[in-house]
Amino acid sequence: MNILLIEDDPEVASFIKKGLSEQQYHVTVINDGLEGATTAIQQTFDLLILDIILPTFDGLKVCQQIRKQNKELPILMLTALGTVKDKVLGFENGADDYLTKPFHFEELLARINALTRRRAIASEKTYKADDLEIDCHKRTAVRDKTEIQLTTTEFTLLEILIANKNKVLSRSEIAEEVWGINFDRGTNLIDVYINYLRAKIDKNHSKKLIQTVIGRGYVLKD
């Protein structure tokens with residue numbers, strides 16, 4: 001597996017490269033945001049590990065530039081910025097996962113494995129609920145013949161909901177499936193993303209597909 005690491009701290013970069021190389025990953029290290037974004041777009045990688053505080057382009061801008069060209073590349077943000085607002089910004093700009101520094105290498109490895117596993121099981125499936133249809137391979141969502149622009153995380157969340165339509169999913173189940181993490185009761189990250197999705201999927205339609213089941217979680221009803 002080829003991994004691109006965009007990280008300007010030489011000690012952190014060396015630590016990650018050494019650990020991943022021992023796991024038989026090939027790691028390319030770049031310490032500049034602009035150069036990293038250009039490399040990610042022009043070359044082929046299986047995964048990107050991305051810091052936020054970088055020279056030239058910050059990690060959020062790197063993410064934005066990559067997502068304009070490549071919606072499929074798994075992006076793991078690895079940064080010292082760890083507030084809920086920071087995490088939401090990361091996901092909103094196209095990250096698939098978010099890990100804060102300091103970190104344990106074993107957790108980094110687990111996050112990488114979870115991201116690549118989710119990509120590996122992606123298929124040609126399409127799902128339909130009422131007048132909403134999503135194509136998992138093309139990663140498109142259409143409601144009432146109108147395509148809906150979704151971020152990577154929003155699409156993943158919608159995919160989980162529609163694949164389990166009419167089934168109530170708890171916050172813990174959503175956190176595990178979408179972010180590969182245990183649900184933290186101290187964060188409203190899941191509620192924030194449900195609201196983002198509702199604004200795009202349900203706002204201009206009389207029938208609301210995404211519903212809250214108080215005390216249990218969320219369900220997409222057909």
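Quick note: the coordinates plus some simple rules give every number you see, no bench work behind them. Just so it is clear, the structure is predicted and the values come from calculations on it, not from any experiment. Neighbour counts run over all protein chains shown; Cβ positions are idealised from the backbone, glycine included.
Exposed loop sites, defined as trypsin sites (Lys or Arg not before Pro) outside DSSP H, G, I, E and B with at most 14 other Cβ atoms within 10 Å, are absent from the longest region of the chain, namely 1-124.
Helical content alone sets the calculated 222 nm signal of the chain at -12000 deg cm²/dmol, taking -39,500 (n - 2.57) per DSSP H segment of four or more residues and averaging over every residue.
Springs join every pair of Cα atoms under 10 Å in this Gaussian network model of the chain, and among S172, S14, S206 the largest mean-square fluctuation is at S206. Relative to the dominant Cα principal axis of the chain, helix 152-163 is inclined by about 40°. Which is the longest stretch in the chain that no exposed loop site breaks, taking sites as GluC sites (Glu not before Pro) with a DSSP loop state and at most 10 other Cβ atoms within 10 Å? Formally, the longest exposed-site-free interval is 125-222. Each Lys and Arg adds +1 at its Cβ and each Asp and Glu adds -1 at its Cβ; summed about the Cα centre, the range 2-120 shows a dipole of about 460 debye. Projecting the Cα positions of A141, N188, G215 onto the charge dipole of the range 126-220 (unit charges on Cβ atoms of Lys, Arg, Asp and Glu, taken about the Cα centre) puts G215 furthest along the positive direction. In a reduced charge model with +1 at each Lys and Arg Cβ and -1 at each Asp and Glu Cβ, the range 64-178 shows a dipole moment near 160 debye about its Cα centre.
Residue farthest toward the positive end of the dipole of the chain, with Cβ of Lys/Arg at +1 and Asp/Glu at -1: which of L54, T116, V178? Comparing the listed Cα positions along the dipole, V178 ranks first.
One chain, two ends: K221 and H137. Fully extended at 0.36 nm per residue, the span grows by 28.0 nm beyond their Cα-Cα distance. Remark: spin-label model distance S14-D32 equals 2.2 nm, labels positioned 7 Å along the Cα→Cβ axis.
For the residue pairs K61/K208; K71/K167; K61/K165, the C-alpha atoms sit more than 31 angstrom apart in K61/K208; K61/K165. Each of D191 and Q211 was given a label point 7 Å from its Cα along the Cα-to-Cβ line. The distance between the two points is 2.1 nm. Expressed as a whole percent, the proportion of Cα-Cα pairs in the chain lying more than 27 Å apart is 33%.
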